[in-house]
Every structure is written in structure tokens, then in C-alpha cells.
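A.B. asks: First the structure, then my questions, so here it is.
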Amino acid sequence: MSESIDRREFLKLAGLGGAVFASGLAGCASMAGAKQEDFYFVQLSDTHWGFKGPALNPDADGTLQKAVAAVNALSFEPDFIVFTGDLTHTTDDPKERRRRLAEFRDIVGALKSKNVRFMPGEHDASLDNGKAFQEFFGPTHYTFDHKGVHFIVLDNVSDPRAAIGDEQLAWMAADLKKQKNDAPIVVFTHRPLFDLYPQWDWATRDGAKAVEMLMPYKNVTVFYGHIHQEHHHMTGHIAHHAAKGLMFPLPEAGKAPTRAPLLLSKLQAEMPPTAP
């Protein structure tokens, strides 16, 4: 990159979700400056469009727009932006679900960067196995490559049992066979692949199988959402990083009687106002 993110911009991104430099990913530092160009992407998660709760978030109808404005206000464009699930807040009404997905799509369509990746959360997909999500955003799991890094998007939410499923695991295994042992690999998923706190649904039933498949590869990093807070964990040499939720925070695992949403922080007051 010809420019660098200054401290103020980095803090803005950290408050929204995260800015990730390729050179900070496992296996990329040794490649940067050689045949791989450094780059960065922005992770946003748990926007929960359609959520209503004035005591928790008095600006629920403006939070997503402010996040879009904050990313657009950066002095340069990220290579891509990824939303790691729960784009919308859950609803039993299929028509309302589609209305929320359409509104979300239209709002994030204002992002300057048009290289935007999406994946579902359980709020988007668990009640209809991802059908509505696919109508608006396409496949719930897929791969792509960017500047020497292989990205895998996993779906551990469309199955209401909170599982990836044998079919998708077989697909993942076939994809990994094409990768070299030292290839930089990044996995995006909504729920954590490890057992962070199963009592609160902070786990994936067959996540250990996915992690086992990834273990032979030297340079793997996993990014997820779902828990609405920054969190870092290691399974062997694999680093797992969670991004903050945009709509409301959740308590740390086991530090509250339930996982009920907490009062929103002062983050929104620090975001730039939406354009008129």
C-alpha cells in the first residue's frame, strides 16, 4: 500500500469491527515485499438491521448508515469489505425478513468500495436454511483469492443445529487439497469454530472437524462474529479473531446470567454523521 492508516483511522475501524493488514496474517509477513503485495480489508459484523430496542440502542435506525459513512470517510479504500453475518435481526415473517435484507442491501450499496463480501448469520438464515439470504446475496459458502491469500467463507448458521454439515465439510476438504501446505489461508465464519461458550450458542457443533482439516496448513487465520465483542483465541497455531457487533454489545462469556444485549457504548457518538 502506498499509504498507511493513521492512529485515528485505525481506532475508528477498530470500533466498527476491524482493519486487517495482509502482512499481519499468518504466513504473509514473509511474503510481503517479495511476490505478494500488502493490502488490507475491513471486517464488519452483526449489523442486525431491523433490531428495535431504544434503551439498548437509541439510534438503531441510523447505526448501519453511520458505519457506512465511517468506512467511506477513510482517506483510501480498503481492498474489500466483509460482513461476517447477522446482517439483519431475526423475524418469523418471511416477507419481513426479505424486506430487511433488501433494506440492508440498499444501505450498504452506498459503500464507496464495491468489492463487498457477505455471509449469513443465524438471524438471517436459520429459520429458512438460508433461502432468503441466497435470493439477495448468493451462496452462503464460497471461496475467493486475493493477492496471494486464499479465503474460505463457511456457513455454520443455515443449519438450525449450528453445524457446518457433512456436505459442506466435504466441499471444504476438496478445496483445501488444492492449496499448498504453506499457503496463507483465511477463513470467515459467523459462529466461532471452537467451543467458546456452548451454553450461549457460542460454538459450532462440528467446528472441531473444520479446525482439524485446517491444522496441516501452516498459515491459517479465522475471523468470526456472533459474540458482538473483540476476542482472540488460539487452537494450536491457528489464530481466531472476533469483531465487535455494530448494533449492540453482548457480555463476556459466563460473566452474566444470560447473553442478553448490553447498553450500547459511546461508539456511535464518535462516528461521523450520515450524509444528508
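The values are calculated or read from the model by the stated rules, or taken from the named source; none is laboratory data. Here the structure is a predicted model, which means the values were calculated and not measured. Cβ: placed from backbone, ideal geometry, glycine included. Neighbour counts: every protein chain shown. All accessible areas refer to the heavy atoms of the entire protein, side chains included, with ligands and DNA or RNA removed. Shrake-Rupley method; radii C 1.70, N 1.55, O 1.52, S 1.80 Å.
A.B. asks: Can you compute the modelled spin-label distance between HIS237 and ASN72, with each label point 7 Å from Cα toward Cβ, in nm?
C.D. replies: 4.3
A.B. asks: Pairs LYS178/LYS244; LYS66/LYS255; LYS66/LYS114; LYS180/LYS209; LYS147/LYS218; LYS147/LYS178: which exceed 27 Å Cα-Cα? Numbers along the way, then the final one.
C.D. replies: On the way: LYS178/LYS244 33 Å; LYS66/LYS255 30 Å; LYS66/LYS114 17 Å; LYS180/LYS209 20 Å; LYS147/LYS218 18 Å; LYS147/LYS178 17 Å.
Listed pairs above 27 Å: LYS178/LYS244; LYS66/LYS255.
A.B. asks: Could you name the lysines whose alpha carbon sits less than 16 Å from that of LYS131, not counting residues in the same chain fewer than 8 places away?
C.D. replies: Straight-line reach from LYS131, under 16 Å: LYS95.
A.B. asks: Hey, another quick one. So for region 88-195: antiparallel DSSP bridges make up what percent, rounded to the nearest 5?
C.D. replies: 60
A.B. asks: At 7 Å along Cα-to-Cβ for each site, give me the label-to-label distance between ASN115 and ASP166 in nm.
C.D. replies: Result for the modelled spin labels: 3.8 nm.
A.B. asks: What span do the alpha-carbon atoms of region 180-242 cover on each of the three principal axes, reported in whole Å from largest to smallest?
C.D. replies: Result, largest extent first: 36, 21, 16 Å.
A.B. asks: For region 119-273, what is the percent of antiparallel DSSP beta bridges, rounded to the nearest 5?
C.D. replies: 50
A.B. asks: Within region 62-192, what whole-number % of the accessible surface is contributed by carbon and sulfur, with the 1.4 Å probe and all protein chains included in the calculation?
C.D. replies: Percent of accessible area from carbon and sulfur atoms in region 62-192: 49.
A.B. asks: Report, to two decimal places, the Cα Rg of region 119-233 normalised by 2.2 N^0.38 Å (N = number of residues).
C.D. replies: Numbers: Rg = 13.7 Å, N = 115, 2.2 N^0.38 = 13.4 Å.
Here the Cα radius of gyration is 1.03 times the empirical estimate.
A.B. asks: Also, quick follow-up: Assign one of three labels to region 62-150, namely rounded, prolate or oblate, based on the Cα gyration tensor with a ≥ b ≥ c the square roots of its eigenvalues; rounded applies when a/c is under 1.5, prolate when it is not and a/b is larger than b/c, and oblate otherwise.
C.D. replies: oblate
A.B. asks: Right, another one. What whole number of Å gives the distance from the Cα centroid of region 98-159 to the Cα centroid of region 185-263?
C.D. replies: 18
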